[in-house]
Amino acid sequence: MSKDLQMRAAINQKLIEMGERERLKELLRAKLIECGWKDQLKAHCKDVIKEKGLEHVTVEDLVAEITPKGRALVPDSVKKELLQRIRAFLAQHSTL
Amino acid sequence: MKMEAMSLSGLDNTKLEALAHDIYSDLVEDACLGLCFEVHRAVKQGYFFLDETDQDSMKDFEIVDQPGVDIFGQVYNQWKNKECVCPNCSRSIAASRFAPHLEKCLGMGRNSSRIANRRIASSNNMSKSESDQEDNDDINDNDWSYGSEKKAKKRKSDKVFLRSLKQPVLLVSLALDIGNILFYLFIYLSIS
């Protein structure tokens, strides 16, 4: 069990150290903007804010409303491509 | 040691898949949080709803999506077949031909000077033989004039004549230079 966690921690560390996590983040961000996900979610934000009132919106409100919807709205092609890249990285670097 | 490593790699396929999904979820959550922070800051700084004004203005300037009309609602080939009156020669010209016509009519623009030069050069080539027979006295009396109107003076006609000859003269001088160099090279090689 702990070996598992150790391995996970080691892989995460490698991901960050090699800059791959940053690259994946940028790739994801670019793809989400391209496919309109950001605009969709922004429109949803507008509704939430109008509902809660402009002055009283907190970060927690937004996070609670936006995150589940955001996770669901990611298109399949983007998800597949990202998973592919992650798997490729793991295949290359999982031999510790 | 080896046994452990092998069992690890055997488990790893499902574990790796789960790990990949976890990493992916983390990345998506990062993206969502990023958006939340961006929106929250825009709300608190007051620029979130900046692109929305009152409903009436938004209805006025809505994007138009009809055939034959651009996105502002204007007909865009309305002036294709209209005719304009040229201020110089007072002829009525079609709109799409108006700009080139104006260029030639007013004598401005790149093409019109090229055409004028060509006309002068060709008319001087034709009248060249005539200008050779002129007296020198006659030439110095007149002021500068167009070559096509009167018999061209030798000076101006020479200038224009030389200009039309410039290209071949340059080529000939270049050929002479090369020939010169080759000649000296030949002498040098035959001596050594």
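Structure summary
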{"quantity": "Degrees, to the nearest 10: A:37-52 long Cα axis against longest axis of chain A", "calculated": "40"}
{"quantity": "Residue-averaged beta-carbon neighbours from other chains (10 angstrom radius) around A:76-87", "calculated": "3"}
{"quantity": "Ratio of Rg to Rh over the stretch A:1-82 (Cα coordinates, Kirkwood Rh, two decimals)", "calculated": "1.11"}
{"quantity": "Using alpha-carbon coordinates, inclination of helix A:76-93 to the longest axis of chain A, degrees", "calculated": "30"}
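Where a number appears in this text, it was derived from the coordinates with a stated rule and is not lab data. Keep in mind that this is a model prediction, so the values were computed, not measured. A quick note on method: Cβ atoms are made from the backbone with ideal geometry, for glycine too, and the neighbour counts reach across all protein chains shown.
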